[in-house]
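Notes follow the structure.
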Amino acid sequence: MALDIEYFERRVRSLENALDRLQHDIGDTHRIANDIVREYQQWAREEHPGKEWFFRRIDELVQRGSPRCVYAKTLVLEYGVSRSKAYQLVREYLDNAAAKLATA
C-alpha cells in the first residue's frame with residue numbers, strides 16, 4: 001500500500017490554509033471583542049455616575065437643607081441605585097463629613 005504523496009501534501013496545505021484562516025478569524029474576533037469592551041466601558045463611564053457624582057448630589061441636598069431621610073431615597077429615585085448601595089453611599093458621605101469636621 002503506497003502513500004499518495006501529492007494527495008498528502010495537498011491535504012497538509014489545505015489544513016495549513018484552514019488554520020491560517022482560523023487564526024485570522026480569531027484575531028478579528030479579538031479586535032471586535034476589544035471594541036465592544038471599550039465601547040461598554042465608555043458607556044459605563046458616561047451613563048453611570050461615580051461615587052463623586054453621588055457625593056456631590058448629597059452635598060447639594062445638604063446645602064438645600066433636605067432632611068437625612070431624603071438622601072438615600074434621592075439616589076435610588078434619580079439614579080436607580082439599589083437601596084443598600086444608596087445607604088452605603090450616604091453612610092460613607094456622612095463619615096467623610098464627620099471626619100472633615102473632626103480635623104477642622
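Brief remarks on what is shown
- Yes/no for VAL37 being β-branched (Val, Ile, Thr), part of a helix (DSSP H, G or I) and surrounded by 11 or more Cβ atoms within 10 Å (Cβ to Cβ): no
- Checking every residue in the stretch 77-100 against the condition of being open to solvent by 100 Å² or more (accessible area, probe 1.4 Å), over 23 Å from the mean Cα position of the chain (by Cα) and hydrophobic (A, V, I, L, M, F, W, C) gives zero matches.
- Scope the stretch 59-76; condition more than 15 Å from PRO49 (Cβ to Cβ), open to solvent by 50 Å² or more (accessible area, probe 1.4 Å) and either assigned to a helix (DSSP H, G or I) or hydroxyl-bearing (Ser, Thr, Tyr) (or both); matching residues: VAL62, GLN63, ARG64, ARG68, CYS69, LYS73
- Annotation note: of LEU61, LEU3, LEU22, the sole residue that is among the aliphatic types (A, V, I, L, M), farther than 30 Å from LEU77 by Cβ and modelled with pLDDT of 90 or more is LEU22.
- Filter result for ARG10 (surrounded by 10 or more Cβ atoms within 10 Å (Cβ to Cβ), charged (D, E, K, R) and either modelled with pLDDT of 85 or more or touching a His at 6+ places or on another chain (Cβ under 7 Å) (or both)): yes
The values are calculated or read from the model by the stated rules, or taken from the named source; none is laboratory data. Because the structure is predicted, anything quoted here is derived from the model rather than measured. As a convention, Cβ positions derive from the backbone with ideal geometry for all residues, glycine included, and neighbour counts pool all protein chains shown. Just the protein is used for accessible areas: all its heavy atoms, side chains included, with ligands, DNA and RNA removed. Shrake-Rupley method; radii C 1.70, N 1.55, O 1.52, S 1.80 Å.
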